[in-house]
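As structure tokens, the structure follows; a few thoughts come after it.
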Amino acid sequence: MDLNSIYNDALDDLKNIKNKGDLPLIKSKYIGRKGKVTELFKELTSLPKEERKDFGQKINEVQNKLKELFEEHEEKFRLNAFNIKLNDITRDAYPIESGRTHILNQTYEDIYNVFKSMGFTVVEGPEIEDEFHNFEALNFPKSHPARDTQDSFFFDDKSLLRTHTSPVQIRIMESWEPPFAVISPGKCYRRDTIDASHSFMFNQIEGFLVDEDIGVGHLKAILDIFVQKIFGEDVKFRLRPHFFPFTEPSMEIDIGCIFCGGKGCNVCKNTGWIEIMGAGIIDPNVFTLSGIDPEKHSGFAFGMGVERIAMLRQNINDMRLIYGNDLEFLKQFRG
Ligand code: PHE
């Protein structure tokens, strides 16, 4: 094959090139170690001496010309790729993932917002409590099982990891003058074996309001707004008589089952109702122990599990998922 047609073939190949990856192939086809042009050099020896110099020069020229052309094409591909990136401004530079608030904190925030809108102040209490604030001042009888080391995490005879957020009621009553309305969030600890609905550590939000002439009607009015904002406008709730040592009367608050609308399902155990919190009117004895005059003041208190609220709202059936740090699970809750 003569030099000219090899050159023309190379030009054709370059013209028809479809993608960048073909360039090295074409390059080696012509000027690689076994390329068509390179092979011609080997033929030089079979030529008469006087023609060698001339032909050698010609092959050199073609080889250099092709080298230049290949370089130009390489540059062209490089610029094209660059321009595509620049022109497509909608293209991600790299997959950017934004973080989001943990489902538990989203739930906390939602609950804070509801109570803040009604004038409640958020106050945190200590996680290491003493017997007095965790039990004594809350009217827990000496024989109550929670006071046993088997049920709570005691450090010594007097101090323990709080088993609920109710001791914050006492701490505020000891140091603030009524009227006040407080919610108090935070971790609580009990000697529970971990399963789908229990954990040795969990989160509660305590709420309490102390003023004059406060009764169940006030509690109900606050709960009405809470249930509407957290579970939905047409979700019903009821106050069911219960017992807590530090409230009298005491009650549990149930909402109409949000899964079956009250018809009965396995979540509400066919009762049509789901328990969401404990509540009651603060026992006069608790006021006395905290230095507040029960003749003058009255108030209500309530306490709820934050995990439970999150699980009900998001239809999460295992509490362990909330603590598991499985991003695939957590990513679902966009906040
Ligand atoms: N502290 C109670 C519990 O942990 C809940 C509660 C709070 C009940 C306030 C009544 C009033 O079960």
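Rule-based calculations on the coordinates, nothing more; no lab input. This one's a predicted model, so the numbers in the text were calculated from it and none came from an experiment. Ideal geometry is used to build each Cβ from the backbone, glycine not excepted, and the neighbour counts take in all protein chains shown.
Just the number, please: percent antiparallel of the DSSP beta bridges in region 103-330, rounded to the nearest 5. It would help to have the intermediate numbers written out before the result.
Values: 43 of 45 bridges.
Just about 95 percent of them are antiparallel.
Across the options 188, 321, 262, the greatest Cα extent toward the positive end of the charge dipole of region 103-330 (unit charges at beta carbon of Lys, Arg, Asp, Glu) belongs to 262.
For a footprinting-style exposure proxy, rank 147, 162 by other Cβ within 10 Å, fewest first.
Details: 147 18, 162 25.
Ascending number of Cβ neighbours within 10 Å: 147, 162.
In the frame of its principal axes, region 287-335 has Cα extents of 54, 19, 17 Å, reported largest first. Ranked for footprinting exposure by Cβ neighbours inside 10 Å, fewest first, 37, 235 give 235, 37. Note on the chain: with a GNM built from Cα contacts shorter than 10 Å, the maximum mean-square fluctuation among 77, 155, 287 falls on 77.
Taking only alpha carbon atoms, region 3-89 gives an Rg to Rh ratio of 1.13, where Rh is the Kirkwood radius. In order along region 25-32, phi translates into HN-Hα couplings of 5, 5, 4, 6, 5, 9, 10, x Hz, rounded to whole numbers, per the Karplus curve 6.51 cos²θ - 1.76 cosθ + 1.60 with θ = phi - 60° and x for Gly and Pro. Legend note: in the chain, cysteines whose Cβ sits 4.7 Å or more from every other cysteine Cβ are 188. A convex hull fitted to the Cα coordinates of the chain yields 257 cubic angstrom per residue. A crude spin-label estimate for the pair residue 109 and residue 33, with each label 7 Å from Cα along the Cβ direction, gives 6.3 nm.
Note on the chain: helix-only mean residue ellipticity at 222 nm, from DSSP H runs of 4+ residues weighted -39500 (n - 2.57) and normalised by residue number, equals -12500 deg cm²/dmol. Each of 228, 26, 141 was placed along the dipole of the chain (beta-carbon charges, centred on the mean Cα), and the one lying farthest toward the positive end is 26. Gain on full extension, evaluated as 0.36 nm per residue between residue 9 and residue 47 minus their Cα-Cα distance, stands at 11.3 nm.
Can you give the percent of C-alpha pairs in region 1-54 whose distance is more than 18 Å? Taking all Cα-Cα pairs of region 1-54, the fraction more than 18 Å apart is 40 percent. Each of 99, 280, 210 was scored by the projection of its Cα onto the charge dipole of the chain, and the greatest displacement toward the positive side belongs to 99; charges sit on the C-beta of Lys, Arg, Asp and Glu.
For the chain, the longest principal axis of the Cα atoms and the long axis of helix 103-116 meet at an angle of about 50 degrees. Pairing the Cα long axis of helix 3-15 with the longest principal axis of the chain, what angle in degrees results, from 0 to 90 and rounded to the nearest 10? Rounded to the nearest ten degrees, it is 20.
Counted by Cβ distance under 13 Å from residue 156, the other residues give a net charge of -3, where Lys and Arg count +1 and Asp and Glu count -1. Database remark: amide H of residue 264 closer than 5 angstrom to the amide H of 272 (H placed geometrically; neighbours at sequence offset of 5 or more, or on other chains; Pro and chain starts carry no H).
List 199, 184 from most exposed to least, where exposure is judged by having the fewest other Cβ atoms within 10 Å. Working shown, then result.
On the way: 199 20, 184 23.
The most exposed by this proxy come first: 199, 184.
The mean sequence separation of alpha-carbon pairs under 8 Å and at least six residues apart, normalised by the residue count of region 1-112, gives a relative contact order of 22 percent.
Net charge dipole, region 103-330: roughly 680 debye, given to the nearest 20, about the Cα centre with Cβ charges of +1 for Lys and Arg and -1 for Asp and Glu.
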